[in-house]
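Taken together, the values in this text are just the output of simple stated rules run on the coordinates, not laboratory data. Computed from a predicted structure; not experimentally measured. Here the Cβ positions follow ideal geometry from the backbone for every residue, glycine too, while neighbour counts run over all protein chains shown.
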C-alpha cells in the first residue's frame, strides 16, 4: 500500500499539516525575523521593481561597452530625469485637478441627495418598503461622501509615510544592479553539481516570471492610461489627467483594477453630463479591447500561464486576507509559488524516469 499514489499524497498532506501546526506553535521564535523582514520588505520590493524596470537600460549600455558603474549612473540619471518631468509638467496639472475634484465632492453629494429626494416626491408606484430602503441608501451615501475628504487626508498622510520609506530604495537598487547577477553563483558554489544546476534553472524561471509580470503589467498600465487620457480629452471630461492617472494605477491590479479605475470617471461624467458617462464607458471598453488583444499578448504573452478563473479566485482570496496589498501582490506571489512547485515537480518526474 505504501507504493500507492493516493497513500503517498495522504502522507505528504499529513506531514505538511503537522509542519504547519508546529510552525504555528513556535511562531514566537520567528517573531524577530518577521519584524526584520517587514522592516526591509518595502525598500526591497521597491528596489526589485525598479531593478526589473531599469535592467534592460543597463544591459543596453553595457552592450555598448559602458562600464558597469557608469551604466548604473546612467540608470539613476534616467530615473532623475523621469522624476523631473513628472514633477515639472504632470504633477501641477494633476494636483490642480485633484484639488478641484475634492472641493466639488460636497456639491456632488448634495446633488445626489436632491435628485433622490425629488424622485421620491414625484412617484406613487414604488412600494413604501422600497422607498424606506432608498432613504437608508441615501443617508449612507451622504455620510460616505461627507467622509471622503477625511479619507483623502488619511490617504495623503499615508503617502507621506510612504515617501519617507523611499529613501532606502536607491541603495537597494544600486546593489541589485551592481551585484545582482552574483547571487546565483554565490549560492551554487556550496551545492553539488546536480543541485547547483537545478538551482540555476529555478532561479532563471523565477527571474523570467517576475520580469514578465512587472514589465508587462507596468507597460500595459501606461498604455491604458495614455489611451484613456486621450479619450477623456477628446470628449472634454473634467479632471481628465487625474482620472486617467488613477485608472492607470488601478490597472496594476489584475482583473478588477480596470473596473475600480473607471468608477470615478463615470461618476464625474454623470455630474458633468449624463451622456458623458456613456462616452466614458465606450472609451474604457475600447481601451480594454486594445489592451486585451494587442498590448498584453505582445508584452506579457503567455509567460505566466495562469488561467483567468485562477486569477479571479486568487485576487478575491488575497483581497479578503490582506486588503489592497493582497490585491497588488497576489498574482506575482502566486506565479512565483507556482514556478517553484512546477520546478520541483519536474525534477521529481525526471528522477522517477532515471
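Among 54, 320, sorting on how many other beta-carbon atoms sit within 10 Å of each Cβ, with the fewest leading, yields 320, 54. Model label points for residue 88 and residue 168, set 7 angstrom from Cα along the Cα-to-Cβ axis, are 3.2 nm apart. In plain terms, the residue of 336, 314, 12 with the fewest other Cβ atoms within 10 Å comes first and the most crowded comes last, giving 12, 336, 314. Here residue 285 and residue 336 are evaluated by their C-beta separation; at R0 = 35 Å the FRET efficiency comes out at 0.60. An oblate overall shape is assigned to the range 11-53, the ratio a/c of its alpha-carbon gyration tensor axes (a ≥ b ≥ c) being 1.5 or greater and a/b not exceeding b/c.
May I ask you to compute the full-extension gain from residue 200 to residue 30, defined as 0.36 nm times their residue separation minus their alpha-carbon distance, rounded to one decimal in nm?
58.4 nm
Within a 10 angstrom radius of the beta carbon, how do 284, 188, 35, 333 rank from fewest other beta carbons to most?
On the way: 284 21, 188 17, 35 9, 333 14.
With the sparsest Cβ surroundings first, the list reads 35, 333, 188, 284.
State whether the range 198-354 is rounded, prolate or oblate according to the following rule on the C-alpha gyration tensor (a ≥ b ≥ c being the square roots of its eigenvalues): a/c under 1.5 gives rounded; otherwise a/b larger than b/c gives prolate, and the remaining case gives oblate. Judged from the Cα gyration tensor, the range 198-354 comes out prolate (a/c at least 1.5, a/b above b/c).
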